[in-house]
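A.B. asks: One structure follows; several queries about it will come next.
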Amino acid sequence: EVQLVESGGGLLQPGGSLRLSCGSSGFTFSSYRMTWVRQAPGKGLEWVASMNQDGSEKNYVDSVKGRFTISRDNAENSLYLQMNSLRAEDTAVYYCARDVRWYWFDPWGQGTLVTVSS
Amino acid sequence: DIQMTQSPPSLSASVGDRVTITCRASQNIRNYLNWYQQKPGTAPKLMIYLASSLQSEVPSRFSGSGSGTDFTLTITGLQPEDLAIYYCQQSHSTPPTFGQGTKVEIK
């Protein structure tokens, strides 16, 4: 069974940093692009970042460029999201998802909540 | 960025009804349109990709159609377990963008 499990969320103050992790199992991680999508409380879905299989191509939504960094460790079957200079508007559940083809997301992890508040 | 607009924002229907949700793209996305289902308290689930292809293990009462800028998700014979928010998403270009969602409730 394909599984994705996020971790690392929490409560922090504006300007802080956090690193999210996404562990995978049940598929050949190194063969797939991977993605982070977020959902603010009570709101819709917003794509955050994607990267290709070897990490040579990374894309970000404009609102996180220069603050967030997506990375992966294919040996550890893991995806990461380093989030710096966090703002209140970054408060959301962050999901990792396998990118089956070009921006087809399946499956998704259960999500991890990041709350940015003073 | 490509804007995705869904309608209606919410609907209420009875078990067995036929339900239709529409999604409009701000520019031609050919058939690069996906539909996701998000049940309360859970992660989204891919239901339909490339506008009309049913993801494996998705019930056949779900179907998708459309191309260009106008797309439709249809549930033929609504079931209680279909209570969810449905999102369309374009995969034509970066950034991939989602519609605002359609909440389906059961009468």
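Results for (1) free of Cβ contacts under 8 Å to residues at least 12 places away in the same chain; (2) out of contact with any Asp or Glu (no Cβ under 9 Å at 6 or more places or on another chain); (3) crowded, with 21+ Cβ neighbours inside 10 Å, shown as yes or no for each residue.
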residue	(1), (2), (3)
B:MET4	no, yes, yes
B:SER10	no, no, no
B:ASN28	no, yes, no
B:GLN37	no, no, yes
B:MET47	no, yes, yes
B:GLN90	no, yes, yes
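A.B. asks: Right, next: Looking at the stretch A:96-115, which of the residues that are assigned to a loop (DSSP other than H, G, I, E, B) and more than 7 Å from chain B (Cβ to nearest Cβ) is least open to solvent (accessible area, probe 1.4 Å)? Let's see the steps before the verdict.
C.D. replies: Looking only at the stretch A:96-115, we keep the residues that are assigned to a loop (DSSP other than H, G, I, E, B), and these are A:100-104, A:109-111.
Cutting the leftovers down to more than 7 Å from chain B (Cβ to nearest Cβ) gives us A:100-101.
Values: A:VAL100: 50, A:ARG101: 149 Å².
Top of the filtered list is A:VAL100.
A.B. asks: Strands (runs of 3 or more DSSP E) wholly in the stretch B:57-107 with at least 1 residues that are within 11 Å of another protein chain (Cβ to nearest Cβ) - which ones?
C.D. replies: Numbers: elements: B:62-67, B:70-76, B:84-90, B:102-106.
Where strands (runs of 3 or more DSSP E) fall fully within the stretch B:57-107 and carry at least 1 residues being within 11 Å of another protein chain (Cβ to nearest Cβ), they are B:84-90, B:102-106.
A.B. asks: Further question on the same structure: Just to be sure I understand, how many residues within the stretch A:16-40 are within 14 Å of chain B (Cβ to nearest Cβ) and either farther than 21 Å from A:LEU4 by Cα or among the β-branched types (Val, Ile, Thr) (or both)?
C.D. replies: 2
A.B. asks: Something else: Wholly within the stretch A:5-52, which strands (runs of 3 or more DSSP E) include no fewer than the required count, namely at least 1 residues that are open to solvent by 20 Å² or more (accessible area, probe 1.4 Å) and of a type in the set (A, V, I, L, M)?
C.D. replies: Values: elements: A:10-12, A:18-25, A:33-39, A:45-51.
Because the criterion is at least 1 residues that are open to solvent by 20 Å² or more (accessible area, probe 1.4 Å) and of a type in the set (A, V, I, L, M), the strands (runs of 3 or more DSSP E) in the stretch A:5-52 that meet it are A:10-12, A:18-25.
A.B. asks: Still on this structure, please answer the following. Check the stretch A:64-81 and report whether any residue there is in contact with a helix residue (DSSP H, G or I) (Cβ under 9 Å, 6 or more places away or on another chain), among the basic types (Lys, Arg) and more than 14 Å from chain B (Cβ to nearest Cβ).
C.D. replies: Yes, some residue in the stretch A:64-81 is in contact with a helix residue (DSSP H, G or I) (Cβ under 9 Å, 6 or more places away or on another chain), among the basic types (Lys, Arg) and more than 14 Å from chain B (Cβ to nearest Cβ).
A.B. asks: Additional query: So which residues in the stretch A:41-61 are at the interface with another protein chain (Cβ under 10 Å from one of its Cβ atoms), closer than 28 Å to B:LYS103 by Cβ, out of contact with any helix residue (DSSP H, G or I) (no Cβ under 8 Å at 6 or more places or on another chain) and not polar (S, T, N, Q)?
C.D. replies: To start, the set of residues in the stretch A:41-61 that are at the interface with another protein chain (Cβ under 10 Å from one of its Cβ atoms) comprises A:43-50, A:59-61.
Checking the rest, the ones that are also closer than 28 Å to B:LYS103 by Cβ come to A:43-50, A:61.
Narrowing further to those that are out of contact with any helix residue (DSSP H, G or I) (no Cβ under 8 Å at 6 or more places or on another chain): A:43-47, A:50, A:61.
Once the filter is applied, which keeps residues that are at the interface with another protein chain (Cβ under 10 Å from one of its Cβ atoms), closer than 28 Å to B:LYS103 by Cβ, out of contact with any helix residue (DSSP H, G or I) (no Cβ under 8 Å at 6 or more places or on another chain) and not polar (S, T, N, Q), the stretch A:41-61 yields A:LYS43, A:GLY44, A:LEU45, A:GLU46, A:TRP47, A:VAL61.
A.B. asks: Could you tell me which numbered condition B:SER14 fails, if it satisfies all but one of (1) among the small types (Gly, Ala, Ser); (2) touching a residue at least 60 places away in the same chain (Cβ under 8 Å); (3) surrounded by 14 or more Cβ atoms within 10 Å (Cβ to Cβ)?
C.D. replies: Going through (1) among the small types (Gly, Ala, Ser); (2) touching a residue at least 60 places away in the same chain (Cβ under 8 Å); (3) surrounded by 14 or more Cβ atoms within 10 Å (Cβ to Cβ) one by one, B:SER14 breaks only (3).
The values are calculated or read from the model by the stated rules, or taken from the named source; none is laboratory data. In this text, all values refer to a predicted model and were calculated from it rather than measured experimentally. Reconstructed Cβ throughout: ideal geometry from the backbone, glycine too, with neighbour counts over all protein chains shown. Accessible surface areas use protein heavy atoms only, side chains included; no ligands, DNA or RNA. Shrake-Rupley method; radii C 1.70, N 1.55, O 1.52, S 1.80 Å.
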